[in-house]
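To start, the structure itself, in structure tokens.
The values are calculated or read from the model by the stated rules, or taken from the named source; none is laboratory data. Quick caveat, the model's predicted, so the values are computed rather than measured. Counting neighbours? That spans all protein chains shown, and the Cβs are built from the backbone with ideal geometry, glycine included. Keep in mind that these areas ignore ligands, DNA and RNA; they rest on the heavy atoms of the full protein, side chains included. Shrake-Rupley method; radii C 1.70, N 1.55, O 1.52, S 1.80 Å.
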Amino acid sequence: GENLAGAPAHTSSLWNRWAVSRRWGAGVGTTHNADMFTSTDNTVMLPAFTRVDAALFVNLTRAVAAQVNMENMFDAGYYAFSHNNNNITPGSPRALRVALTTRF
């Protein structure tokens, strides 16, 4: 009758991207996990969390594009997952990633 470890009862993720122009785009997304147990003995529970992410996109040329992503925009403290009751991994703090891509 115990709940499965690492499997929240409810999860959701929603992303939306807007093309502001042919050159520019922006996106925002949320990820939500409900409370979940760390192991099958159901003695330790990770609290629910909601994380907001965002992105900006720009086409520099026909073949080159740049992208900036911000993960955990509001720097929410959360636990991403666990291996057992004593090995719990915190979620990433606010993080910024920059990417440059090319098409051939």
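Roughly to the nearest percent, how much of the accessible area of the chain is carbon and sulfur, given a 1.4 Å probe?
57 percent
Would you mind working out the accessible area per residue for the chain, using a 1.4 Å probe, and quoting it in Å²?
69 Å²
Kindly state, to the nearest 0.05, the FRET efficiency for D75 paired with A9, given R0 = 41 Å and r defined as their beta-carbon distance.
So the FRET efficiency works out to roughly 0.95.
What is the distance, in nm, between label points placed 7 Å from the Cα along the Cα-to-Cβ direction at N16 and at N86?
Those two pseudo-labels are separated by 4.6 nm.
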